[in-house]
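Below is one structure, written out as structure tokens; comments come after it.
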């Protein structure tokens, strides 16, 4: 089964079908407000809220602001949301898929094979005239047990090496890559050799992904060619998953550096490059 995107109308039809998917609402944005507030104000019928900081990441620390989650905590959250090994999962955020892509990547990393992202998120659902509800559904009893390791990851040393031997993409905003500003992490700049590839360039103005050919052309211009080894990082490993989803749509699979800039910049011995060049 294709593990990429689903439209609002197709999701609505699936929810009315014989085997409806589990829907995970993972709305989140850096600095808040909490996504659970938006969920309570209106969510796709039957969707369960899954918290980025509590369920989709471990506690912040030396490994970064959003380390990969403890499999037991992650698995328990998924089971409460009705995730089963044989049941399709659809993950949803507000509009841009930045948070939803994190859940999409984690589920696949944990071994689930039937995961899609609602293209355009709750905004696309509402724009299609589909209903929202406020009442949270009762906890379910799924059976999915994460088996981490199904997708590749990079540590800091591997990311540094890949920036020299392959293509390492920096998914943050261009001004953070260039070191002009750093609102949250220890130092400003980027990993030497990394290429600037903001996730916003993957999207149309309404928050949906660009057509596949446009994505493929974008990544080709960044040096991603057939056979190229590709890695991605961002601030803390969340929006980097969005880049990996865009790459996947374009037919390219890459590796995530989960610690990302929040880990790298916190290690004083790690070199930092600034400016528009890769360094």
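Comparison of 32, 75, 64 shows that the only residue that is at pLDDT 95 or above, assigned by TED's automatic domain parsing to the domain that holds residue 17 and on the phi > 0 side of the Ramachandran plot is 64. Note on segment 33-136: enclosed helices (runs of 4 or more DSSP H) holding 3 or more residues that are surrounded by fewer than 20 Cβ atoms within 10 Å (Cβ to Cβ) are 35-41, 71-80, 121-127. Among the residues that make up segment 158-166, is at least one of them part of a loop (DSSP other than H, G, I, E, B), touching a residue at least 12 places away in the same chain (Cβ under 8 Å) and either within 18 Å of the chain's Cα centre (by Cα) or surrounded by fewer than 17 Cβ atoms within 10 Å (Cβ to Cβ) (or both)? The answer is no, given that none of the residues of segment 158-166 is part of a loop (DSSP other than H, G, I, E, B), touching a residue at least 12 places away in the same chain (Cβ under 8 Å) and either within 18 Å of the chain's Cα centre (by Cα) or surrounded by fewer than 17 Cβ atoms within 10 Å (Cβ to Cβ) (or both).
For residue 18, the test of being more than 18 Å from the chain's Cα centre (by Cα), assigned to a loop (DSSP other than H, G, I, E, B) and without any contact (Cβ under 8 Å) to a residue 60 or more places away in the chain is passed. Checking each residue in segment 2-17 for being within 22 Å of residue 243 (Cβ to Cβ) and surrounded by fewer than 13 Cβ atoms within 10 Å (Cβ to Cβ) picks out only 2. Scanning segment 14-29 for residues that are modelled with pLDDT of 95 or more and either touching a strand residue (DSSP E or B) at 6+ places or on another chain (Cβ under 7 Å) or over 18 Å from residue 84 (Cβ atoms) (or both) gives 16, 21, 22, 23, 24, 25, 26, 27, 28.
The values are calculated or read from the model by the stated rules, or taken from the named source; none is laboratory data. Note that the structure is predicted; figures quoted are calculated from it, not measured. Cβ sites come from the backbone with ideal geometry, for glycine too, and all protein chains shown count toward neighbours.
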